[in-house]
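What follows is one structure encoded as structure tokens, with my remarks underneath.
The values are calculated or read from the model by the stated rules, or taken from the named source; none is laboratory data. Owing to the predicted nature of the structure, the values given are computational and were not obtained by experimental measurement. Reconstructed Cβ throughout: ideal geometry from the backbone, glycine too, with neighbour counts over all protein chains shown.
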Amino acid sequence: METVSDRLTAVRRALRDAPADRLVECLTETVAKEYAVTDLDLLLVDYRLATLLPLLDGPPVTRAGDPAWRSFDHQSEVTAGHTGFVPVTARGERIGVLRYTPVPEAVTARAELAEVASMLAHELQAAAAGTDRYAVAARTRRLTLAAEMQWELLPGRSRTGPSFSLAGQLEPSYAVHGDSFDWAEQDGRLYLNVLNGHGDGMNATLLTSLATYALRNARRAGLALADQAALADQAVFAQHRGDLHVETLLLELDLRTGVVLAVDAGSPRMMVLREGEVLDEPLEAQFPLGMFETSEYRPQSFTLCPGDRLLIVSDGVFDAARENSRYGESALHRFVRRTGSLAPLQAIRSLLGDLRAFVGGDLDDDAVAVCLDWTGGPVN
């Protein structure tokens with residue numbers, strides 16, 4: 001009699017041996033044999049976080065409340081009649097949803113299919129360097145060249161750890177330029193940078209890319225936060241001699257204590273949601289990266305409480321306009337309070353959806369939004 005271990009081992013072997021661009025087809029064959037699933041597909045979330053796109057067959061899923069979206073948003077198994085949905089997620093990075101029919105009667109088998117979806121998520125991340133198939137399948141239309149470069153620059157769109165949950169999004173997703181974010185976890189610390197490159201189009205994208213790589217280079221060399229800013233500042237100035245600059249917020253969070261070191265280099269807006277109240281965290285505004293030949297940066301510190309939410313947005317969010325009105329700070333604060341119970345990626349998706357509804361389409365100016373929850377507790 002075949003055991004749970006045997007079935008999962010067979011799936012793992014099939015995914016491991018599959019060509020990079022045929023993971024789902026090979027998974028379909030194996031799952032059909034091991035679990036009597038007759039129909040299986042991967043629904044990839046698009047760049048805009050607005051559509052789930054079947055890889056193999058079927059119409060896009062856009063309706064709010066659809067079982068597939070409930071599985072994606074709540075990161076849980078959802079069944080609808082004879083069809084099951086489980087999230088395809090790796091280390092908090094939400095890739096999409098696995099849809100399968102029929103739903104096995106045994107609870108154990110359904111739990112195994114959830115594990116299969118997790119295996120698929122990790123294999124998709126590993127395969128991404130060797131094929132364009134999944135990146136292309138997750139698009140509802142062509143990206144601009146600037147947007148292509150911006151998305152390739154990102155570390156991901158969401159991330160979870162034992163004491164934090166983190167998400168970020170760019171908008172307009174298919175034509176963004178200049179706004180970006182970067183993060184890394186190392187030795188019990190979370191490093192987070194949010195950037196807004198000066199200018200338009202390709203120039204802004206190249207500028208933000210330069211600043212991002214300079215910051216990564218400094219961080220990976222073990223430099224302190226203020227020195228990371230100084231090195232990136234010099235790199236941008238050396239290239240553009242002060243004609244272009246990058247507004248940047250650099251954060252370093254001690255995941256054990258909640259203490260945050262910050263360098264505000266002309267940064268995007270930062271707010272803290274604490275026990276239902278939105279607080280603006282005041283920081284000393286320092287020069288954007290690349291504005292002058294030599295700028296000295298000074299770190300500041302503040303402390304998060306367990307359960308705090310940190311939200312960072314660029315001016316493209318609160319300056320979003322229609323006719324003679326702006327979205328504004330008051331509307332932003334109300335929205336932040338209203339979405340406090342949502343996971344960071346859900347909150348970001350809801351915020352940008354609200355902005356698009358406010359302006360009646362895509363934003364005129366590009367925007368970045370990053371949401372960080374710190375739960376406290378032990379760090380592995």
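Report yes if some residue within region 252-262 is over 28 Å from His198 (Cβ atoms), part of a strand (DSSP E or B) and among the basic types (Lys, Arg); otherwise report no. Checked against the condition, which is being over 28 Å from His198 (Cβ atoms), part of a strand (DSSP E or B) and among the basic types (Lys, Arg), region 252-262 yields no hits at all. Evaluated against (1) in contact with a His (Cβ under 6 Å, 6 or more places away or on another chain); (2) part of a strand (DSSP E or B), Met291 falls short on exactly one condition, (2). On the stretch given as region 145-161, residues that are under 18 Å from Arg94 (Cβ atoms) and either of a type outside the set (Phe, Trp, Tyr) or buried (at least 20 other Cβ atoms within 10 Å of the Cβ) (or both) total 8. Of the helices (runs of 4 or more DSSP H) that lie entirely inside region 80-169, those containing 2 or more residues that are closer than 17 Å to Asp46 by Cα and out of contact with any Asp or Glu (no Cβ under 8 Å at 6 or more places or on another chain) span 133-137, 145-153.
Residues that are closer than 15 Å to Val313 by Cβ, surrounded by 21 or more Cβ atoms within 10 Å (Cβ to Cβ) and not hydroxyl-bearing (Ser, Thr, Tyr) within region 236-269 comprise Glu247, Leu249, Leu251, Asp264, Pro268, listed in sequence order. Of all residues in region 152-163, none are closer than 30 Å to Ala343 by Cβ, in contact (Cβ under 8 Å) with a residue 12 or more places away in the chain, touching a strand residue (DSSP E or B) at 6+ places or on another chain (Cβ under 6 Å) and not assigned by TED's automatic domain parsing to the domain that holds Ala285. A count restricted to region 248-273 and to residues that are at pLDDT 95 or above and either hydrophobic (A, V, I, L, M, F, W, C) or more than 22 Å from Val368 (Cα to Cα) (or both) stands at 17. From the list Arg349, Arg298, the lone residue that is in the same structural domain as Leu207 (by TED's automatic domain parsing), modelled with pLDDT of 90 or more and within 25 Å of Thr205 (Cα to Cα) is Arg349. Has region 23-31 got any residue that is surrounded by 14 or more Cβ atoms within 10 Å (Cβ to Cβ), out of contact with any Cys (no Cβ under 9 Å at 6 or more places or on another chain) and either in a strand (DSSP E or B) or free of Cβ contacts under 8 Å to residues at least 12 places away in the same chain (or both)? Looking through region 23-31, none of the residues is surrounded by 14 or more Cβ atoms within 10 Å (Cβ to Cβ), out of contact with any Cys (no Cβ under 9 Å at 6 or more places or on another chain) and either in a strand (DSSP E or B) or free of Cβ contacts under 8 Å to residues at least 12 places away in the same chain (or both). Restricting Gly340, Gly353 to residues that are in a loop (DSSP other than H, G, I, E, B) and either touching a Gly at 6+ places or on another chain (Cβ under 9 Å) or surrounded by fewer than 21 Cβ atoms within 10 Å (Cβ to Cβ) (or both) narrows the list to Gly340. Of all residues in region 71-78, at least one satisfies being surrounded by 15 or more Cβ atoms within 10 Å (Cβ to Cβ), assigned to a loop (DSSP other than H, G, I, E, B) and without any contact (Cβ under 8 Å) to a residue 60 or more places away in the chain. Is it the case that region 323-331 has a residue that's hydrophobic (A, V, I, L, M, F, W, C), in a strand (DSSP E or B), in the same structural domain as Leu250 (by TED's automatic domain parsing) and surrounded by 14 or more Cβ atoms within 10 Å (Cβ to Cβ)? Looking for residues that are hydrophobic (A, V, I, L, M, F, W, C), in a strand (DSSP E or B), in the same structural domain as Leu250 (by TED's automatic domain parsing) and surrounded by 14 or more Cβ atoms within 10 Å (Cβ to Cβ), one finds none in region 323-331, hence no. Name the residues in region 279-311 that are among the hydrophobic types (A, V, I, L, M, F, W, C), in contact (Cβ under 8 Å) with a residue 40 or more places away in the chain, more than 28 Å from Leu244 (Cα to Cα) and surrounded by fewer than 19 Cβ atoms within 10 Å (Cβ to Cβ), would you? Hits for region 279-311 are Phe302, Cys305.
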